[in-house]
Amino acid sequence: MTLLQVAGLVVGYGAAPVLHEVDLTVPPATIVTVLGANGAGKTTLLRTLSGLLRPIGGTIRFDGGSLAGVPVERVVRLGLAHVPEGRGVVAELTVEENLRLGGVWQADRRDARLAQDEVYELFPALAARRRHAGHQLSGGERQMLALGRALVARPRLLLLDEPSLGLAPRITAQIMALLRRLCDETGLAVLLVEQNVRSALSVADQGVVLSLGRVVAAADAAQLRDDAGLRHAYLGF
Ligand code: ATP
């Protein structure tokens with residue numbers, strides 16, 4: 001079964017494409033990591049999937065339906081949540097208010113409240129700081145809040161852009177372990193963009209390597225980890 005199926009995706013910011021004929025599949029309860037050097041097109045891919053950029057060509061199917069031309073708020077309602085690079089936490093709002101923002105597109109307010117409580121259970125550090133403003137949080141807490149806010153929308157697919165950016169290895173490991181747990185226990189699927197190749201390949205089930213907007217490898221994460229030639233050519237370790 002497939003939750004997300006991308007085929008022949010072409011995306012650009014002007015006339016020249018940045019993504020060329022990208023194919024990608026994400027099954028439920030699976031972590032797929034997208035790897036590649038700066039400028040490979042990873043962020044562009046996530047922005048297209050969440051409806052922020054319109055593709056030039058190709059198809060995006062989510063849970064059997066087409067996502068072409070579907071506006072962002074409807075994409076969220078369908079079950080796809082995006083945590084952007086830099087995290088997008090509103091610095092002036094409290095933890096509680098930021099989490100509430102995650103539920104604004106949900107029809108059922110009570111469910112949004114319930115989901116908020118679950119986020120506090122997942123991240124006790126956030127519960128302790130629920131009245132603190134975003135700018136008072138540490139980098140790790142801000143990343144947890146961004147993740148928590150996305151989870152309030154009860155997504156089936158989480159798009160994560162560089163969650164380890166600027167975080168201590170211990171916090172990164174905690175976040176990766178949590179993603180694994182959510183996948184295994186709730187069936188959540190994750191598309192994980194990472195510069196931290198080692199930690200991404202250690203948590204992911206599958207990996208896709210992008211180079212200059214093209215998929216140059218797609219395989220089980222363990223296979224990518226063991227492929228020295230590929231690692232040297234594209235992954236820098
Ligand atoms: P990074 O890890 O640095 O974020 P990335 O793999 O996410 O890299 P993208 O940010 O998707 O790569 O960029 C892919 C290409 O698209 C790059 O050549 C970049 O210069 C170009 N690009 C990105 N954003 C824009 C934009 N808003 N307008 C024009 N070109 C852009």
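The values are calculated or read from the model by the stated rules, or taken from the named source; none is laboratory data. Just so we're clear, the structure is a prediction, and the values are computed from it rather than from any experiment. Heads up: the accessible areas ignore ligands, DNA and RNA and are worked out on the full protein's heavy atoms, side chains in. Shrake-Rupley method; radii C 1.70, N 1.55, O 1.52, S 1.80 Å.
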Tell me the accessible surface of Ile56 in square angstrom (1.4 angstrom probe, heavy atoms of protein chains only), to the nearest ten. 100
Tilt relative to the chain, helix 109-122 - C-alpha long axis, 0 to 90 degrees, to 10: 80
Given the protein chains as shown and a 1.4 Å probe, how many square angstrom of Glu97 are accessible, to the nearest 10? 70
Can you show me the helix-derived [θ] at 222 nm for the chain, built from DSSP H runs with n ≥ 4 at -39,500 (n - 2.57) apiece and divided by the number of residues, rounded to the nearest 500. -10500 deg cm²/dmol
